[in-house]
1. Checking residue 162 against (1) modelled with pLDDT of 80 or more; (2) surrounded by fewer than 16 Cβ atoms within 10 Å (Cβ to Cβ); (3) part of a loop (DSSP other than H, G, I, E, B): exactly one of these is not met. Which one?
2. What are the pairs with Cβ atoms under 8 angstrom where one residue, in the range 70-81, is modelled with pLDDT under 90 and the other, located anywhere, is surrounded by 11 or more Cβ atoms within 10 Å (Cβ to Cβ)? Sequence gap at least six, or different chains.
3. Considering only residues that are assigned to a helix (DSSP H, G or I) and surrounded by 10 or more Cβ atoms within 10 Å (Cβ to Cβ), look in the range 104-122 and name the one that is modelled with the lowest pLDDT.
């Protein structure tokens, strides 16, 4: 059966999911159909009045919503008038198309897929070099002399201490930073931060520090 064939049971299931705030992409993946097929079913349901034209959290201005509602209402009235003035031949063609759709739907009945079971993702352990598992809640040793990468917090100096590692990872200074926006304490701030040399007559004056 062509995926474009209208199936009332499938459309009703799509409408049910859409009313439960499931987006069109998720519905298409669950049913194994295209997103355009889902949008078509939702559009037909809106034209029939089974779904509101807009959701409550829509960003469409109210004036455009009112204009759209008036346009849809006019289309509904026009369709109702067309059906009321159908000729005998047009009614017979409509009945034949309905029977063809029913035959196709009976040959391939729609079966709603099982509801997906949401399972929490498995816990992923944090690993360091060589696949070493690190417990981020394990406190640092008292004689470490700094703070490890796992336990570094905001407002602590990020200067890496030389020749000191903890579980194969770097160890930071850990002292309080000089300012709220700084990454270093007062000592390391003085080492790493240098002001732009002043300019005079277009030339940069470089001051040599005594060794």
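The values are calculated or read from the model by the stated rules, or taken from the named source; none is laboratory data. What you see is a predicted model; the values in this text were computed from it and never measured. Don't worry about glycine lacking a Cβ; one is built from the backbone with ideal geometry, like all the others, and counts go over all protein chains shown.
1. Of everything listed in (1) modelled with pLDDT of 80 or more; (2) surrounded by fewer than 16 Cβ atoms within 10 Å (Cβ to Cβ); (3) part of a loop (DSSP other than H, G, I, E, B), residue 162 misses just condition (3).
2. 72/46; 72/47; 72/53; 75/47; 76/47; 76/49
3. Taking the range 104-122 first, the residues assigned to a helix (DSSP H, G or I) are 104-107.
Of the ones still in play, those that are also surrounded by 10 or more Cβ atoms within 10 Å (Cβ to Cβ) are 104-105.
Numbers: 104: 78, 105: 74.
Result: 105.
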